[in-house]
Amino acid sequence: MEGCPFVHHGSEERESIVVTDIVIPSHGSSTSVPEASHVKQERPQLLAVGVIIWLGSEFMFFSGLFAAFFTIRAHATVWPPPGTKLDTYQALIFTFILLASSPTMQLGVWAQERGERAKARAWIIISFLLGAAFVANQAYEWKTLPFRPSTNAYGSLFYIMSGLHGLHVILGLVAMIFLLIRLAGPKGDPGETPVFQAVSYYWHFVDIVWIALFSCLFLLS
């Protein structure tokens with residue numbers, strides 16, 4: 001039947017299938033068929049992503065405090081009000097102490113990633129001591145300041161902004177204690193490095209926020 005593609009006549013040539021590029025190794029030959037390689041895609045750790053999102057919300061929170069500060073400052077005739085004397089030089093010294101804890105914290109994270117647990121422990125202890133010194137100075141500062149939160153608007157802003165930041169520093173110190181506990185063992189677990197990285201992100205954020213707070217509360221006053 002002509003025109004029907006499903007009917008083949010005996011006189012027609014048979015179709016041939018040519019298979020190429022097939023390597024059949026002989027006995028004892030080292031030639032082998034390569035296996036399909038899987039491309040491993042690196043994905044960010046969920047803990048790190050969660051911490052970054054949380055730090056973004058913290059950034060918005062402190063942004064609201066800065067907005068309130070500059071709004072009240074813009075409507076004040078005298079800023080800061082009389083009687084709000086601050087020890088700027090002492091605060092500057094402890095600002096450098098807090099900022100010094102940021103590179104020491106990062107050195108501890110890098111040492112942990114290399115498996116150098118003793119060095120990581122030493123750097124984190126140094127970071128903890130620097131942060132604790134900053135908190136101790138802030139407590140002394142609060143005790144000796146000549147004004148209180150109820151004195152004026154500047155006093156309210158000073159105690160709220162510095163107090164919330166001090167609370168964040170204390171939380172960071174607590175996190176460092178947990179890192180030291182994890183470093184107590186001779187070997188770490190697979191999920192240890194993301195935890196160290198997450199704490200370092202948080203600590204760097206705390207240091208950066210304090211630079212802005214110090215500029216507003218001490219330098220711009």
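The values are calculated or read from the model by the stated rules, or taken from the named source; none is laboratory data. Just so it is clear, the model here is predicted, and its values are computed rather than measured. Every residue, glycine among them, receives a Cβ derived from its backbone with ideal geometry; neighbour counts consider all protein chains shown.
Numbers below:
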quantity: Subset of the range 53-68 that is among the aliphatic types (A, V, I, L, M) and surrounded by fewer than 12 Cβ atoms within 10 Å (Cβ to Cβ) - its residue that is farthest from Gly155 (Cα to Cα); calculated: Ile53
quantity: When residues of the range 179-221 are limited to those that are small (Gly, Ala, Ser) and under 16 Å from Arg121 (Cα atoms), the one modelled with the highest pLDDT; calculated: Ser200
quantity: Residue within the range 197-209 that is among the polar types (S, T, N, Q) and under 19 Å from the mean Cα position of the chain (by Cα) present; calculated: yes
quantity: Candidates Gly131, Gly155, filtered to the one that is within 23 Å of Ser215 (Cβ to Cβ) and at pLDDT 95 or above; calculated: Gly131
quantity: Test: residue in the range 178-190 that is farther than 30 Å from Ala48 by Cα, of a type outside the set (A, V, I, L, M, F, W, C) and out of contact with any Lys or Arg (no Cβ under 7 Å at 6 or more places or on another chain); calculated: no
quantity: Scan of the range 169-190 for residues that are out of contact with any Leu (no Cβ under 8 Å at 6 or more places or on another chain), crowded, with 19+ Cβ neighbours inside 10 Å and closer than 16 Å to Leu213 by Cβ, ordered by number; calculated: Gly172
quantity: Residue in the range 74-87 that is in a helix (DSSP H, G or I) and in contact (Cβ under 8 Å) with a residue 60 or more places away in the chain present; calculated: no
quantity: Residue that is modelled with the lowest pLDDT, among those in the range 84-100 that are of a type outside the set (S, T, N, Q) and within 20 Å of Arg148 (Cα to Cα); calculated: Lys85
quantity: Among (1) touching a residue at least 60 places away in the same chain (Cβ under 8 Å); (2) part of a loop (DSSP other than H, G, I, E, B) - the single one Phe59 does not satisfy; calculated: (2)
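A quick yes/no check of all residues on (1) among the aromatic types (Phe, Trp, Tyr); (2) closer than 22 Å to Val174 by Cβ; (3) surrounded by 14 or more Cβ atoms within 10 Å (Cβ to Cβ):
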{"residue": "Leu99", "(1), (2), (3)": "no, yes, yes"}
{"residue": "Glu116", "(1), (2), (3)": "no, no, yes"}
{"residue": "Ala132", "(1), (2), (3)": "no, yes, yes"}
{"residue": "Arg148", "(1), (2), (3)": "no, no, no"}
